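Contents: one structure, followed by commentary.
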Amino acid sequence: MNFFEIIEKRYSHKGRFLSTPVPREKLVQIASAGLSAPTGMNLQCVKLVILPDRQAVQPLCDIAPTEGTLTAPAAIVVFTDKTTQNWKMDFQIEDYSAATENMLLAATALGYVALWLDSPYFPADKQKALCDLLNAPANYQLRTVIPIGLPDGECLKREKMPFDERVWFGEFS
């Protein structure tokens, strides 16, 4: 599969996962892809916790159960270090977004499906509970959880709007 096929094939898997484990070396490849993403001023504020098996993912369900976390055989939790700034510039959002997209594409390239899952962790109590569960340093902010695995059943990919409804050349017309 070439790069553009991987981009086209990637989708947000909002269904159930098979119980098939994701090999540790594949999780390392996916996480490494995330850490290879560009970072503002090379500050590298993104930090990751790999949850390598169902037993490690299960406690997330007690905090914020989602279809993805209830069945995922593995997940990667993305944090940013809030103290990583330079000249009062903060690139946390850009950095974790680039890292997350790289990991989603890497998972697709390796034959897995994944999901960018953040909204269940927006409430402060959920954020704190997950940070406490994973023993995150106080200066780390939870950004997203990426459940990873093989799909259980048909994969539903949402349609994208046509190119010409979203792109203009030179100016909006």
*Counting residues that are more than 25 Å from F3 (Cβ to Cβ), which helices (runs of 4 or more DSSP H) fully inside region 23-138 reach at least 2?*
54-63, 67-71, 124-133
*How many residues, within region 104-113, are of a type outside the set (G, A, S), open to solvent by less than 20 Å² (accessible area, probe 1.4 Å) and out of contact with any strand residue (DSSP E or B) (no Cβ under 7 Å at 6 or more places or on another chain)?*
1
*Of all residues in region 138-161, which are over 22 Å from S12 (Cα atoms) and touching a residue at least 12 places away in the same chain (Cβ under 8 Å)?*
N139, Y140, Q141
*Sole residue being open to solvent by 60 Å² or more (accessible area, probe 1.4 Å), at pLDDT 95 or above and charged (D, E, K, R), chosen from E165, E101*: E101
_Cβ-Cβ distance below 8 Å, separation of 6 or more or different chains: which pairs start in region 117-137 with a residue that is of a type in the set (K, R) and end on one that is not in a helix (DSSP H, G or I)?_
K126/A64
*Assuming R24 fulfils every condition listed in (1) in contact with a strand residue (DSSP E or B) (Cβ under 7 Å, 6 or more places away or on another chain); (2) of a type in the set (K, R); (3) modelled with pLDDT of 95 or more apart from one, which condition is it?*
(1)
*asked:* Which condition from (1) open to solvent by 50 Å² or more (accessible area, probe 1.4 Å); (2) free of Cβ contacts under 8 Å to residues at least 40 places away in the same chain is the one that L51 breaks?
replied: (1)
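Could you list all residues from region 65-93 that are within 21 Å of S19 (Cβ to Cβ) and surrounded by fewer than 23 Cβ atoms within 10 Å (Cβ to Cβ)?
Residues satisfying the conditions are P65, T66, E67, L70, T71, P73.
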*Determine whether region 65-81 contains at least one residue that is farther than 14 Å from V145 by Cβ, touching a residue at least 60 places away in the same chain (Cβ under 8 Å) and of a type in the set (A, V, I, L, M, F, W, C).*
no
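Residue-wise test of (1) more than 18 Å from Y140 (Cα to Cα); (2) among the aliphatic types (A, V, I, L, M); (3) out of contact with any helix residue (DSSP H, G or I) (no Cβ under 9 Å at 6 or more places or on another chain).
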| position | (1), (2), (3) |
| --- | --- |
| P23 | yes, no, yes |
| L27 | yes, yes, yes |
| A33 | yes, yes, no |
| L51 | no, yes, no |
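The values are calculated or read from the model by the stated rules, or taken from the named source; none is laboratory data. For clarity, every value in this text was computed on a predicted model and none was experimentally measured. For neighbour counting, all protein chains shown are included, and Cβ atoms are generated from backbone atoms with ideal geometry for every residue, glycine included. When the accessible area is computed, the model is the full protein with side chains, heavy atoms only, and any ligands, DNA or RNA have been set aside. Shrake-Rupley method; radii C 1.70, N 1.55, O 1.52, S 1.80 Å.
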